Amino acid sequence: MKMALLRTQLYIDGHWRQSSDQATFDVLNPATGQVLQACSDATAEDVRDACEAAANAFASFKKTTAKERMVILNKLRDGLLENKKEIGQILCQENGKPIGEAEGEVGFAASFFDWFGQEGRRAYGQVIPTVNGDRQLVCVKQPCGVAAIITPWNFPIGMLARKAAAALAAGCTVVIKPAEDTPLTALAFAAVCERVGVPHGLVNVVPCSRSRVAQLGRLLCTEPLVRLLSFTGSTEVGRLLYRDCADTVKRIHLELGGNAPFVVFDSAELQMAVTGAMAAKFRNTGQTCVSTNRLLVQAGIYDRFVEALAEAMKTTLKFGDGSIAGNNQGPLINRKQLEKVKSLVEDAVSHGAHVVMGGKQPPEGGLFYEPTLLTGATKQMKLYTEEIFGPVVAIYKFATEEEAVQIANDTNKGLAGYLYTNDYQQSWRVSMALEYGLVGVNESLTSTCEAPFGGFKHSGIGKEGAQEGLECFMETKYICFGGL
Ligand code: ADP
């Protein structure tokens, strides 16, 4: 792996450096199991330095105009797009996703710098009509301060960009802690920052190993210099961080797990529903928080749908090393994830699920799991409540709309839900009834920089993307001018 944007050191205050105790951790290629690089393993001292650098940079950055910040964001957009191939390659190698999806993700990341660069210029305040003639009431928006950003491995540049672009547009500076499985993509982003001349201290990247993450995560939550924490990851870790942020009363955004229902009603356009289900399930080998977790199919279309989905899975899915053209199902990210998928399928089968296809690892083994189709899924199975995060479809049969809505909402998660129907009143009724932050009607790829992304219930707090994504990184200050 020899590339111009490949970095393995920490990026603090515009400089590359080893961890203060010289420790490193291995980054693996999940498709081959081989070590790609040894990455610097940040210490508490390094993270404190990063926070200080971000706080020092904030003192001047907060005074810049939105237009000046837009110029920086535009440079980052262009830097990402110009290096899409190389960053895509790094991403593909450490994450395992197919190269086309990896490059697509870099484009997705660039779209946030484009969007927030412009949106920052529309962070309007307010003049509130006064009731006292000698006063004027004015509200202005100001950046929160230093933002700590903790990102997951499933979209190593997409999630980083969705947070960092909004933060920088608002005038915040950032300390990014990428996931231990995918630090190289985040460091490639830092290399782009350096290349396009982002002022020192605005963006700091401090990867660390799994063994240090609890300590460093806690530090970011408790460090007084950090004013806001933005996290995407598991609900379990999100809860922990939420608690840890209490003492310093940090602003917090959480994008946590989902348990997405994908409801196919009798009136649905069969092929459209199958295409939607394939995309909602198999993108990134099922490892997204908006991936379909429970596929609910109405009795009248059930047999035709199962048959058509099985056919689509057989003819279009090809697993293997994502860097090889034609493969569209990469490996799972790590052993823990593979074991989880295996155990969820075993549990479903032991509770009566029928394996239409897959249900095991392929002979090649490694971290690959065969695309799997299970029918006869029920509430008693663990995959009814737990996020599968793998290429496994579990189909539940239902009879009525009320039943479908009841099952769909029978979870404490509420990120994304999908419905396929040709009944126009039903599409509105069900969209309104679903307790989800994102609803796709006859569409399963809904994420875009212009629209708000975020969950209900235990799926999170706050929105990313859209105007609301910017708002999250800003405070409203009310100024009362008296004695006029
Ligand atoms: P997953 O189980 O999908 O890997 P995690 O929630 O564990 O999801 O990981 C998401 C991000 O949270 C990663 O950057 C990971 O390093 C980080 N993380 C994991 N545990 C902690 C923790 N205790 N404190 C702070 N960050 C953590």
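Rule-based calculations on the coordinates, nothing more; no lab input. Treat the numbers as computed from the prediction; the structure is a model and nothing was measured. Please note: Cβ atoms are built from the backbone with ideal geometry, for glycine as well, and neighbour counts cover all protein chains shown.
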**Message:** For the stretch 12-80, which GluC sites (Glu not before Pro) pass both filters: DSSP loop (anything but H, G, I, E, B) and at most 12 other C-beta atoms within 10 Å?
**Reply:** none
**Request:** Within the set of other residues whose C-beta is less than 14 Å from the C-beta of Tyr302, count the net charge using Lys and Arg as +1 and Asp and Glu as -1.
**Result:** -2
**Asked** Taking the Cα centre of the chain as the origin and placing charges on Cβ (Lys, Arg +1; Asp, Glu -1), which of Phe473, Leu367, Asn328 is farthest toward the positive end of the dipole?
**Response** Phe473
**Request:** Rank these for me by crowding, Val47, Val392, Val306, Val355, going from fewest to most other beta carbons within 10 Å.
**Result:** Val355, Val306, Val392, Val47
**Complete:** Under the rule rounded for a/c under 1.5, else prolate if a/b exceeds b/c, else oblate, using alpha carbon gyration tensor axes a ≥ b ≥ c, the stretch 1-77 is classed as oblate
**Prompt:** Taking the Cα centre of the chain as the origin and placing charges on Cβ (Lys, Arg +1; Asp, Glu -1), which of Val355, Asn409, Gly104 is farthest toward the positive end of the dipole?
**Reply:** Gly104
**Request:** For the chain, give the magnitude of the charge dipole about the Cα centre (Cβ charges: +1 Lys/Arg, -1 Asp/Glu; no others), in debye to the nearest 20.
**Result:** 880 debye
**Prompt:** So which aspartates and glutamates can Lys340 reach, going by Cα to Cα under 19 Å and dropping same-chain residues fewer than 8 places off?
**Reply:** Glu180, Asp181, Glu236, Glu364, Glu370, Glu386, Glu387
**Prompt:** So which trypsin sites (Lys or Arg not before Pro) in the stretch 280-349 pass both tests, a DSSP loop state and at most 14 other Cβ atoms within 10 Å of the Cβ?
**Reply:** Lys318
**Request:** Would you mind checking the pairs Lys318/Lys463; Lys250/Lys342; Lys84/Lys413; Lys141/Lys463; Lys84/Lys318 and listing those with alpha carbons more than 28 angstrom apart?
**Result:** Lys318/Lys463; Lys250/Lys342; Lys84/Lys413
**Asked** Over the chain, what is the percentage of antiparallel beta bridges among all DSSP beta bridges, to the nearest 5?
**Response** 40 percent
**Item:** Ellipticity estimate at 222 nm from DSSP helix runs (n ≥ 4, -39,500 (n - 2.57)) divided over the chain, nearest 500
**Value:** -12500 deg cm²/dmol
**Complete:** Computed over the chain: longest principal axis from alpha-carbon atoms vs helix 183-196 long axis, angle to nearest 10 degrees, is 40 degrees
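Within 14 Å, Cβ to Cβ, of Asp423, how many net charges do the neighbouring residues add up to if Lys/Arg are +1 and Asp/Glu are -1?
Working: positive: Arg429; negative: Asp266, Glu269, Glu401.
Local net charge: -2.
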**Prompt:** Where in the stretch 401-470 are there GluC sites (Glu not before Pro) that are in a DSSP coil and have at most 12 other Cβ atoms within 10 angstrom of their Cβ?
**Reply:** Glu450
